[in-house]
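Participant: Handing you this structure, nothing more for now.
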Amino acid sequence: AGGQHMHRIAFDKYHPGYFGKVGMRYFHYKKNPHHMPTVNVDKLWSMVGLEQRKEYAKKSDGTVPLLDVTAHGFFKVLGKGKLPKQPIAVKAKFFSKQAEEKIKNAG
């Protein structure tokens with residue numbers, strides 16, 4: 001009590017900007033449309049597994065593993081890290097530019 005009355009000088013001195021509003025209001029904000037868990041490129045092969053990776057490395061008919069990251073709970077693939085020079089097909093709702101580039105360059 002008194003922050004806007006008798007303690008106004010203390011609030012202005014030690015807590016500048018405490019009172020007032022900033023930004024825009026978002027009426028009826030729904031979190032679900034904005035929910036986007038992300039995974040980086042360097043974690044993709046850990047979702048496939050080492051045994052399956054070795055199995056596809058031996059194949060010479062051009063088949064590659066199909067990785068659906070939405071089944072693992074991720075919606076977007078980001079481009080942090082490096083991918084090995086083994087081709088992989090990745091299925092996701094969204095890709096960053098760098099992630100798309102790195103996946104295409106892998107094979």
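The values are calculated or read from the model by the stated rules, or taken from the named source; none is laboratory data. Quick caveat: nothing in here was measured; it's all calculated off a predicted structure. So basically every Cβ, Gly included, is an ideal-geometry build from the backbone, and we count neighbours across all protein chains shown. All accessible areas refer to the heavy atoms of the entire protein, side chains included, with ligands and DNA or RNA removed. Shrake-Rupley method; radii C 1.70, N 1.55, O 1.52, S 1.80 Å.
Participant: Based on the alpha-carbon gyration tensor of the range 54-107 and its eigenvalue square roots a ≥ b ≥ c, which shape applies: rounded if a/c is under 1.5, prolate if not and a/b is larger than b/c, or oblate? Present the calculation step by step, with values, prior to reporting the outcome.
Facilitator: Numbers: a/c = 2.40, a/b = 1.47, b/c = 1.63.
Taking the square roots of the gyration eigenvalues as a ≥ b ≥ c, the range 54-107 is oblate.
Participant: For the range 35-83, just the Cα set please: Rg and Dmax, both in angstrom.
Facilitator: Rg, Dmax (Cα atoms, Å): 12.1, 39.
Participant: What order, most packed first, do the peptides 11-21, 67-77 have when packing is the mean number of other Cβ atoms within 10 Å of each residue?
Facilitator: Those peptides, ordered most packed to least, come out 67-77, 11-21.
Participant: Here is a follow-up. Tell me, what % of the accessible area of the chain is carbon and sulfur with a 1.4 angstrom probe? Walk me through the numbers on the way to the answer.
Facilitator: Values: 4730 of 8700 Å².
Roughly 54 percent, rounded to a whole number.
Participant: Highest mean first, how do 54-62, 97-105 rank when packing is the count of other Cβ atoms within 10 Å averaged over residues? Intermediate results must be reported in sequence, preceding the final value.
Facilitator: On the way: 54-62: 9.1, 97-105: 14.9.
Highest mean packing first, the order is 97-105, 54-62.
Participant: Can you work out the accessible area per residue across the range 18-97, with the rest of the protein chains kept in place, probe 1.4 Å, in square angstrom?
Facilitator: 79 Å²
Participant: Moving on. Per DSSP H run of at least 4 residues, take -39500 (n - 2.57); add these up for the chain, divide by its residues and hand me the 222 nm value, nearest 500 deg cm²/dmol.
Facilitator: -7500 deg cm²/dmol
Participant: Also, quick follow-up: Which entry in [x] 2.50; [y] 1.21; [z] 1.87 matches Cα Rg over 2.2 N^0.38 Å derived from the coordinates of this structure?
Facilitator: [z]
Participant: Mean projection of the alpha-carbon convex hull of the range 1-44 over all orientations, in nm²?
Facilitator: That works out to 6.9 nm².
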